[in-house]
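In what follows, a single structure is set out as structure tokens and then discussed.
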Amino acid sequence: MIVPKSAGVLRGTRGLATSAAARTSSVTLKALGLDSYNLGVYNGKWGGNGDVVESVNPATGEVLGAVQQASTSDLDQTLAHASKAATVWRAVPAPKRGEIVRQMRNALFEKIEPLGRLVALEMGKILAEGVGEVQEYIDIADYAVGLSRMLNGQVVPSERPGHMMLEVWNPLGV
């Protein structure tokens, strides 16, 4: 559960937060390369100048971590970088884009346990459901990889003599 820092959530008041639970969240964050405080904007480098939000375990009230959000300026810069990158990405052939998605899928699979644990902690789910959420994302990536090799276009007759129209699929962009 993501809660703005200013929301005044009562932390640790249920009596269920234990040092073992705190260790679990600390180990989970460490396994994912995260700290208790993280910058939440990436546009070529990590940053963020907006509000800080805390992620709270709804079962214990324990603060799992905090993330620095984007400011309006951060958002504008990030969208400008993304628009430039979309032009480059569009020129990459679909099977090569699919290969990059496959690499992302593999990275998720390598961290399925700690990612699933983090989902479980943040959403108040049991571990099996947290891991299942990550597995669904992995399955979607598998599907996208398959589609990257099956993007067919149509050749459509034109009303102009000696011409035809070709349907070409392109990424939508930002």
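The values are calculated or read from the model by the stated rules, or taken from the named source; none is laboratory data. Every value quoted in this text rests on a predicted model; they were computed, and no experiment measured them. Here Cβ is always computed from backbone atoms with ideal geometry, including for glycine, and neighbour counts include all displayed protein chains. Surface accessibility is based on the protein's heavy atoms, side chains included, excluding ligands, DNA and RNA. Shrake-Rupley method; radii C 1.70, N 1.55, O 1.52, S 1.80 Å.
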Could you point to the residue in M123, V168, Q135 farthest towards the positive end of region 55-174's charge dipole, with +1 and -1 charges on the Cβ of Lys/Arg and Asp/Glu respectively?
V168
Over the chain, with the other protein chains present, what is the accessible area per residue in square angstrom, probe 1.4 angstrom?
68
For helix 72-91, report the angle its Cα long axis makes with the longest principal axis of the Cα atoms of the chain; keep it between 0 and 90° and round to the nearest 10°.
40
Among (1) 19.3; (2) 17.0; (3) 21.2, the value of Kirkwood radius over Cα pairs in Å computed for this structure carries the label (1)
Give me, ordered by chain and number, the residues 5 or more places off G61 or on other chains with an amide H under 5 Å from its own placed amide H.
G12
One would report the antiparallel percent of DSSP beta bridges in region 23-174, rounded to the nearest 5, as 75
If the cut-off is a Cα-Cα distance under 21 Å, which lysines reach K96, setting aside same-chain residues fewer than 8 apart in sequence?
K84
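How large is the charge dipole for the chain, taken about the Cα centre, if only the Cβ atoms of Lys, Arg (+1) and Asp, Glu (-1) carry charge, to the nearest 20 debye?
320
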I need the peptides 97-103, 143-149, 60-66, 116-122 ranked by packing, meaning the mean over residues of other C-beta atoms within 10 angstrom, with the highest value on top.
116-122, 60-66, 97-103, 143-149
Using just the helices of the chain, give the 222 nm mean residue ellipticity in deg cm²/dmol: DSSP H runs with n ≥ 4 each add -39,500 (n - 2.57), and the total is spread over all residues, rounded to 500.
-16000 deg cm²/dmol
Checking the cross-link filter: which aspartates and glutamates have an alpha carbon closer than 20 Å to that of K45, excluding same-chain neighbours under 8 positions apart?
D35, D74, D76
